[in-house]
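Report on one structure; see the data block that follows.
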Amino acid sequence: MVRADRTLHLVNVIVVGCGRVGAELARSLTRAGQQVCVMDKNDGAFLRLEDGFEGRFVHGSGFDRDDLVAAGIADAHALAAVTAGDNTNILTARIAREVFDVQHVVARIYDPRRAVIYERLGIPTVATVTWTTDQVMRRLDPTSVASEWAAVTGDVVLVERALPDHWAGRALDDLMVSGRTALSAISRDAATRVYTPGLVGQPGDIVYLTVRGDALDDLNELLARVPVRGGH
């Protein structure tokens, strides 16, 4: 099997925490062509990034609003909070979302039992035991099609997508297009279940679809389409 190529559509990303995880994420984002600012309270943490790293560095805390402003949060498209502390990561993510209206945020957590609470607050999380840079990058850019698997011929692709906010309250059956797209599973409140007809979208949903290779653009358009008032 092969993985389909994927390109992030973000521009300015803030990575809070320059430990092993944050450094790897920052490098991956810059390689994908993103403008990255890395924050950490410890100046020595920035040594984890190679000399050729093209992003910015800010010495500061993710829950200090002045430090976030210095990192460019006013123009940030996304923020990843990946420090060593759950409380710090969640507080940072909430400030980014609720105070600065950053659309795409993700928080790394060590205690997966907290995930349900955080997801209900509208903060996507990635638990340490399942963490990969790829998972974080998917949640930072829900406009991209994250391909889990593609047939060698390219005829069929399995994709993971974050459900856009405007799909909340809409019937997910509308994502099913006979012979082109099929909804297979949905992740909600830190649990993943096989899709059953009649489910309605909720904020924070992650959907898994089987898509014909030539229907990926159609899927993008379908998810991006904002319904007119009084209709779908």
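Just so you know, all these numbers are worked out from the coordinates, no wet-lab data involved. No experiment lies behind these values; they were computed from the predicted model shown. Here the Cβ positions follow ideal geometry from the backbone for every residue, glycine too, while neighbour counts run over all protein chains shown.
Around Ile95, under 13 Å between beta carbons, what's the net of Lys plus Arg minus Asp minus Glu among the other residues? Before the final figure, lay out each step's value.
Values: positive: Arg65, Arg94, Arg97; negative: Asp64, Asp66, Asp67, Glu98, Asp101.
Net charge around Ile95: -2.
Using the count of nearby Cβ atoms within 10 Å as a rough guide to exposure, how do Tyr110, Tyr195 rank from fewest to most?
Working: Tyr110 13, Tyr195 18.
The order, fewest Cβ neighbours first, is Tyr110, Tyr195.
Hey, what does the equivalent ellipsoid look like for the range 12-140, semi-axes from the Cα gyration tensor as sqrt of 5 times each eigenvalue, largest first, whole Å? Provide the component values of the computation, followed by the final result.
Working: eigenvalues 82, 51, 36 Å².
Ellipsoid half-lengths, sorted descending, are 20, 16, 13 Å.
Placing unit charges on C-beta atoms (Lys and Arg positive, Asp and Glu negative, everything else neutral), compute the dipole magnitude of the range 12-140 about its Cα centre in debye, rounded to 20. It would help to have the intermediate numbers written out before the result.
Values: 15 positive and 16 negative charges, 91 e Å.
Value, rounded to 20: 440 debye.
Report the net charge of residues surrounding Ser61, where surrounding means a beta-carbon distance below 11 angstrom and charges are Lys +1, Arg +1, Asp -1, Glu -1. Could you put the intermediate results ahead of the total?
Details: positive: Lys41, Arg65; negative: Asp40, Asp64, Asp66, Asp67.
Overall, the nearby charge balance is -2.
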- prompt: Which listed residue (Val194, Leu175, Val207) has the Cα farthest towards the positive end of the charge dipole for the range 173-232, taking +1 on Lys and Arg C-beta and -1 on Asp and Glu C-beta about the Cα centre?
  reply: Val194
- prompt: Taking the simple approach of a point 7 Å from Cα along Cα-to-Cβ for both Asn87 and Asn42, what is their distance in nm?
  reply: 1.9 nm
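Given Cα pairs under 8 Å that are at least 6 residues apart, what percent is the relative contact order of the range 146-224? Numbers along the way, then the final one.
On the way: 142 pairs, mean separation 30.1, N = 79.
It rounds to 38 percent for the range 146-224.
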